[in-house]
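The values are calculated or read from the model by the stated rules, or taken from the named source; none is laboratory data. All values reported here derive from a predicted model rather than from experimental measurement. Neighbour counts are summed over all protein chains in view; Cβ atoms, including those assigned to glycine, are modelled from backbone coordinates with ideal geometry.
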Amino acid sequence: MRISVIIPYYNREDLLLNTLKSFQLQTINKDEYEIVIIDDGSNENIEHKIKALQPNINISYNYFQRNSKSCAALARNRGIEKSKGEILIFLDCDQIVYPDFLEEHLYPFDKFGNNNDILQFGLRKYMNRTVPYNPGQQLITNKADFRDDSRHYVFQIFSHNMSILRSSWHLVFSNNISTSKKVIDKFGGFDDNFRGWGLEDTEFAYRLYKNGVKIIYNPNIEVIHQYHEKFFDEKRYTEWNRNFEYFINKYPDIPVLLQGILKDFFDPVKRAAKEQKGIRFVWLDCFIKFENALRCLDDRPVNKINNLYITLIRPDIDEIEMIQDVDDKVYQVICYKDKDKDLVYWMQLYNTNPNIKLYAV
């Protein structure tokens, strides 16, 4: 089995069924992948409803009674235990995938995975309203119905090149990530001491990052996040803050401590104060400060204002290798995310020059 798609699920039946429908048109053979659903104690066992879809793909539905230890990390770990795949994809139950989703998740592992431990992630577009879904339907017909993932703006400001972002591990959200089973066997799964909402995926990514696993952004695995109400309220802040305290006790490292900068977003009182000051995108404002603070640890400013900017359009990998040791110029590499895949992934895996930015369009 090449791929196991692990989906934690709790009381979002309609959204999960749409997600499963979207897997019916995958470009890889159905025998190459399985979907492992971990039902974390929903009010109703919906295995019969999944079977009624007649999806004609390998689906394993596993129901666990909810208890005081139930959490997203434990659900994902149970999915790991049930999985048979070489590559594990972690996907939230409310994400609609494109037909080439699995093929594109596999590509970096097939091309570069023999020599690299990889953790990759993709972005999502958020639905602003409920849109009925059927397999093969074109969802993005009206741009007003969708909004971009906030991480998209981080990349516009800094780069798509994760090798130069010091905060890359904090950009790994478990709604859409993948790594190999051998990496998890070496470094462990998710820490189920993180309870409630937030940071269990960040700790997972940080642990892998500290152990030399290469984090890459894959622009070709974007998903559609189905609409549902979502609140960053006092309850969510309390859970996030509790998990943050656990995180910094586990790793009393300065980069982990600096995540406290993001409290200005998660604390509803502080966020409201910033919004009243005219800061429209509070998370992005906090994250820019977080990345800049991490760069200061390496004595690396955000921009070298007096240095020459050189733009390279779709260069060969050989050209990028030749400028690895050049430190008096800033390079902007512009390429196509679909036509120049090898360049996109090579730069994130092998680039050592912090002044080489990547923008995949």
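A few comments on the model shown:
- Residue match in the range 96-107 (condition: modelled with pLDDT of 95 or more and more than 22 Å from SER60 (Cα to Cα)): yes
- Filtering the range 249-282 to residues that are at pLDDT 95 or above and aromatic (Phe, Trp, Tyr) leaves only TYR251.
- TYR309 vs. criteria assigned to a strand (DSSP E or B), under 28 Å from ASN220 (Cα atoms), of a type in the set (Phe, Trp, Tyr) and touching a Leu at 6+ places or on another chain (Cβ under 9 Å): no
- From the options PHE281, PHE231, PHE265, PHE290, residue that is in contact with a Leu (Cβ under 8 Å, 6 or more places away or on another chain) and either without any contact (Cβ under 8 Å) to a residue 40 or more places away in the chain or closer than 30 Å to TYR10 by Cβ (or both): PHE290
- Applying the condition of being loosely packed, with under 12 Cβ neighbours inside 10 Å and among the charged types (D, E, K, R) to the range 123-154 and asking which residue is nearest to LYS337 (Cα to Cα) yields LYS143.
- Of the helices (runs of 4 or more DSSP H) that lie entirely inside the range 1-89, those containing 2 or more residues that are in contact with a Cys (Cβ under 7 Å, 6 or more places away or on another chain) span 13-22.
- Set ASN193, ASN218: member being at pLDDT 95 or above and buried (at least 18 other Cβ atoms within 10 Å of the Cβ): ASN218
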